[in-house]
Amino acid sequence: MPDIPTLTLTLAAATPSPTPEVVQDVVRGVGDVVVPLLAVAGGVVAGYLLATLIGLAVQRAAPRSALAADLSRRSRRPLRVTLLVVAVWVALRLSTDPADAWRPGVEHALLIALIVALTWLVGSLAFVLEDLALQRYRVDVKDNRHARRVRTQVQVLRRITVAVLVVIGVAAVLLTFPGARTVGASVFASAGLISIVAGLAAQSSLANVFAGLQLAFTDAIRVDDVVVVADEWGRIEEITLTYVVVHVWDDRRLILPSTYFTTTPFENWTRRAAELLGTVELDVDWEVPVDAMRAELTRLLSVTDLWDGRVGILQVTDAVGGVVRLRALASAVDAPTLFDLRCYVREGLVAWLQREAPQGLPRTRWEGGGGSPARPSGVPTPPGTDAPT
């Protein structure tokens with residue numbers, strides 16, 4: 001029986017040594033895996049560093065530029081994703097052989113990722129431009145009718161932009177598949193029939209969409225307009241392609257389809273200007289001193305900031321049914337201020353009547369006839385009175 005050293009030498013002699021070709025194949029296989037991984041890692045680092053440098057440059061300009069601040073806030077992430085996808089794609093193309101079997105599938109996935117990232121980036125840039133347009137038109141000023149019109153149109157355009165970008169992005173992704181191109185050609189061939197069927201099936205929805213576009217671009221209503229709809233007073237809070245949100249005075253939200261504002265009459269108190277006239281009506285007695293009450297109205301209006309100084313009069317509008325109806329007419333800069341002004345005038349005039357002219361408070365009078373009533377037969381006449389004839 002051979003000893004262990006002899007057996008080891010025998011086995012070593014029997015095992016064939018690797019040839020140079022095998023070693024080269026192994027090295028080449030390892031290189032085909034390691035080199036692309038290192039290239040991808042380098043591309044990720046390069047793309048991240050480039051995105052970071054661009055972000056730092058934009059952030060440094062942000063304190064001096066509202067556009068740079070909005071770009072940093074909205075476009076930082078989509079730009080980073082786009083640069084990373086581009087860097088990985090370039091690294092793979094430089095470090096791999098086009099004949100590799102796995103490369104087409106990976107490039108297809110990177111192409112889809114690039115389309116999604118570019119759609120995201122373009123959408124963020126569109127939002128930045130829309131925000132820039134909104135910043136030029138302030139709504140916290142006295143005459144903000146044009147600014148509210150622009151804000152309404154920008155809100156609608158923003159939703160249209162999102163919808164169009166999503167449709168284009170989905171279509172671009174689908175067109176990267178060879179089979180989808182054939183399907184797309186057949187779909188376009190039958191587009192007329194499909195549009196007719198879709199139009200009949202979604203007639204109400206399409207009507208709301210067109211009504212929303214009409215509201216946005218015909219200036220019928222704008223964001224922050226004061227309206228009275230369905231016997232409710234409120235402000236237009238949001239206008240979409242299909243519905244309108246009305247913020248009612250008691251913090252309720254009234255959701256109405258866009259077609260409501262194109263088919264139903266409603267009141268728009270800020271259609272041309274925010275200034276409004278308001279009335280306060282009081283029923284008082286015939287003995288009310290009208291001139292003194294008119295002077296009190298003038299005094300009340302002169303000591304309040306709620307009045308804009310345009311209109312302030314007191315008139316007798318009716319005098320029937322045992323009372324005199326007085327109407328105080330006053331003006332204010334907008335609807336909320338007018339409501340407060342009407343309450344202020346009403347309280348002031350009532351307090352003045354109670355304090356200075358109590359004879360003007362409304363009262364009900366009842367007076368009997370001038371003669372004595374006839375007595376029934378058989379009832380004795382009191383002494384000292386004449387019997388009725």
Tell me whether segment 295-306 contains one or more residues that are small (Gly, Ala, Ser) and surrounded by 14 or more Cβ atoms within 10 Å (Cβ to Cβ). no
Are any of the residues in segment 94-107 in a helix (DSSP H, G or I), among the aliphatic types (A, V, I, L, M) and closer than 30 Å to LEU175 by Cβ? yes
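So which of LEU84, LEU118, LEU71 is part of a helix (DSSP H, G or I) and at pLDDT below 85? I'd like the intermediate steps shown before the answer.
On the way: LEU84 fails: at pLDDT below 85; LEU118 fails: at pLDDT below 85.
Only one candidate qualifies: LEU71.
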Could you check, for segment 160-167, whether at least one of its residues is in a helix (DSSP H, G or I), surrounded by 15 or more Cβ atoms within 10 Å (Cβ to Cβ), at pLDDT 75 or above and assigned by TED's automatic domain parsing to the domain that holds SER75? no
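Specify which of the listed residues (ARG327, ARG342) is assigned to a strand (DSSP E or B) and under 11 Å from GLU281 (Cα atoms). Outline the logic, then answer.
Numbers: ARG342 fails: assigned to a strand (DSSP E or B).
The unique qualifying residue is ARG327.
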Can you report the number of residues in segment 48-79 which are buried (at least 17 other Cβ atoms within 10 Å of the Cβ) and either over 21 Å from ALA133 (Cα atoms) or over 24 Å from the mean Cα position of the chain (by Cα) (or both)? 6
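Can you list the strands (runs of 3 or more DSSP E) found entirely within segment 211-319 that contain at least 2 residues being within 31 Å of the chain's Cα centre (by Cα)? Before the answer, list the steps.
Values: elements: 226-229, 232-239, 243-248, 253-257, 276-284, 312-318.
Correct list: 226-229, 232-239, 243-248, 253-257, 276-284.
Return the only residue of LEU254, LEU215 being surrounded by 15 or more Cβ atoms within 10 Å (Cβ to Cβ) and either of a type in the set (D, E, K, R) or modelled with pLDDT of 90 or more (or both). Don't jump to the end; show me each part of the working.
On the way: LEU215 fails: either of a type in the set (D, E, K, R) or modelled with pLDDT of 90 or more (or both).
Being surrounded by 15 or more Cβ atoms within 10 Å (Cβ to Cβ) and either of a type in the set (D, E, K, R) or modelled with pLDDT of 90 or more (or both) holds for just one of LEU254, LEU215, which is LEU254.
Touching a Gly at 6+ places or on another chain (Cβ under 9 Å) and either at pLDDT below 95 or closer than 26 Å to ASN268 by Cβ (or both): which single residue out of ASP285, ASP291, ASP340, ASP308 fits that description?
Details: ASP291 fails: touching a Gly at 6+ places or on another chain (Cβ under 9 Å); ASP340 fails: touching a Gly at 6+ places or on another chain (Cβ under 9 Å); ASP308 fails: touching a Gly at 6+ places or on another chain (Cβ under 9 Å).
None of the other options fit; the residue is ASP285.
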Residue pairs within 6 Å by beta carbon, gap of at least six or interchain, first lying in segment 59-79 and of a type in the set (Ser, Thr, Tyr), second part of a helix (DSSP H, G or I) and surrounded by fewer than 17 Cβ atoms within 10 Å (Cβ to Cβ), listed first then second, are SER72/GLN59; SER72/ALA62
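The values are calculated or read from the model by the stated rules, or taken from the named source; none is laboratory data. Computed from a predicted structure; not experimentally measured. Neighbour counts are summed over all protein chains in view; Cβ atoms, including those assigned to glycine, are modelled from backbone coordinates with ideal geometry.
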